[in-house]
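The values are calculated or read from the model by the stated rules, or taken from the named source; none is laboratory data. Because the structure is predicted, anything quoted here is derived from the model rather than measured. As a convention, Cβ positions derive from the backbone with ideal geometry for all residues, glycine included, and neighbour counts pool all protein chains shown. Each accessible area value is taken on the protein alone, full model and side chains, heavy atoms only, with ligands, DNA and RNA left out. Shrake-Rupley method; radii C 1.70, N 1.55, O 1.52, S 1.80 Å.
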Amino acid sequence: MGYQEAKAKYESLGVDIDAAISKLKTVPVSLHCWQGDDVRGFDQKADGPLTGGIQTTGNYPGRARTPEELMADIDKVLSLCPGTKKINIHASYAIFDDSNGGWVDRDQIEPKHFKKWVEFCKERNLGCDFNPTFFSHPKCDPLTLSSPNGETRKFWIDHGKACIRISQYLAEELGQACVMNIWTGDGYKDIPSDRKGPRERYKDSIDQILSESYDFRLVKPCIESKVFGIGVEAYTVGSSEFSLAYAAMNKDKCIPLMDNGHYHPTEVVSDKIPALLAFFPEIALHVTRGVRWDSDHVVLFDDETKEICKEIVRCGGLDGSVNIALDYFDASINRISAWTVGLRNVQKALLLALVTPNEKLKGLQDESNFTDLMVHQEELKTMPFGDIWDEYCRQCGVPADGEWLGKVQAYEQEVLGLR
Ligand code: RNT
Ligand code: ZN
């Protein structure tokens, strides 16, 4: 079936394909820089361990080792993915050189260490999101913001404050809001004897970080929760209840962030989106794929990704109330391909949600017509969506499915293979 026929078929269901495509073109999705180098960053020794309960597995050749390589790889991904993108960087991706005085520790970083990222974004008309990096650093004892050691806490609070200033700089320079996500891997491997103390300290530390001045319209600090991490299986300081309660009590200063790898396996973030939007004007998401646990696998075009995107669309989240970011890292396959598959799949799932006759389905639910609702929902699954997706890619000037893998393979031969 061709595009025109597919479009006519959707239009017979009352779906406006042109409106769906134009809408999706405007929605920013934040591309995480850390898929390109296995979350290593540039500010620590190249062979330092990844800590904080996260783990990258695989040693596929071609990892980006320098800012130049990472930026070139991001460019490749951007050229293969439709839609509006932002990029998402961590503080550990600070760029130190002779022109800015060389290396400083994380409590001392300044906007100047991110000037090259600003230039990169400006040249490509991208917004930039930011993350303090509370992991993979000698000052993790192993706790950071919740450490019982006052000196450790101060170091990480100063890091958080520095990151607020950097986020404000990024937002002002780029003229787009900067989502600044606070996540720590703080927790214990085995059963703790004090569960409240670390949480009280974590709360106080975040209070101190958010006491740094910033314009909440430009800088959106987020609190990301987690259920557990590798090596911290028994107890997580920033649990779901902690993080959500913090965000709820500080609505004028921050927003909650849900990563769909961070819940018990039968819990779904798709259902949590409307629950949170009943209380918060704005939320943030890390879209990922957990396989049995928070494994940060590449996002697929699977049921939960589709359901998350449906809820974003149905709840009006494309108008700014849902900040969408990717968060996964797979070092076992070509990293450019991993990045591209995940970003294209989020775009695909958003487009699918936009071409769903949501009003009609809602009407059936409200009339308690569950028979028709089930039949319609099932029949939608075999609509000729692929043709609509191809057209969206064409209009965005990027390859359709079936046309981009060869370009990644050529890049692997010409660039990645030489690293
Ligand atoms: C870890 C969190 C966190 C990180 C990134 C690198 O479990 O999901 O968001 O993945 O900050
Ligand atoms: Zn995350």
Task: Stretchable slack from D75 to E119, in nm (0.36 nm times residue separation minus alpha-carbon distance) - done: 14.5 nm
Task: Gain in span if fully extended, K251 to D16, counting 0.36 nm per residue against the direct Cα distance - done: 81.0 nm
Task: 3J(HN,Hα) from dihedral phi, segment 293-301, Karplus parametrisation 6.51/-1.76/1.60, rounded to Hz, x for glycine, proline - done: 7, 6, 8, 6, 6, 4, 5, 9, 8
Task: Amide H partners (placed H, <5 Å) of I223, local residues excluded - done: I182, I255, L257
Open item on the list: Among F216, C128, C140, which residue has its Cα furthest toward the positive end of the charge dipole of segment 118-262, with +1 on Lys/Arg Cβ and -1 on Asp/Glu Cβ?
Closed with: F216
TODO: Hey, can you find the accessible area per residue of the chain for me, probe 1.4 Å, expressed in square angstrom?
DONE: 43
TODO: Can you figure out the FRET efficiency of V415 with E110, using R₀ = 35 Å and their beta-carbon distance, to the nearest 0.05?
DONE: 0.65
Task: Rg and Dmax of the chain, Cα atoms only, in Å - done: 21.5, 68
TODO: Can you work out the PRE-style zone for K154? Point 7 Å along Cα to Cβ, and I want the residues of segment 212-230 with backbone N under 15 Å.
DONE: none
- [ ] Estimate the FRET efficiency between F279 and E5 by the formula 1/(1 + (r/R0)^6), using the beta-carbon distance for r and 45 Å for R0, to the nearest 0.05.
- [x] 0.55
Open item on the list: What whole-number distance in Å separates the alpha-carbon centres of segment 242-288 and segment 385-406?
Closed with: 32
Open item on the list: Once ligands and nucleic acids are excluded and a 1.4 Å probe is used, how much of K86 is accessible, expressed in Å² to the nearest 10?
Closed with: 20
Task: Amide H within-cut-off set for T356, under 5 Å, with H built and near neighbours excluded - done: none
- [ ] Quick one: pull the percent of accessible area on the chain belonging to carbon and sulfur, 1.4 Å probe, ligands and nucleic acids left out.
- [x] 51
TODO: Mean Kyte-Doolittle of at least 0.5 plus a Cα span of 24 Å or more along the axis: flag which DSSP H helices in the chain meet both, please.
DONE: 335-354
TODO: Would you please give the FRET efficiency between K189 and V291, computed as 1/(1 + (r/R0)^6) with r the Cβ-Cβ distance and R0 = 30 Å, to the nearest 0.05?
DONE: 0.85
TODO: Pop a pseudo-label 7 angstrom from the Cα along the beta-carbon direction at both K196 and K45 and give the gap in nm to one decimal.
DONE: 4.1
TODO: Would you mind checking the pairs K86/K251; K7/K306; K86/K161; K76/K226; K196/K253; K115/K161 and listing those with alpha carbons more than 27 angstrom apart?
DONE: K76/K226
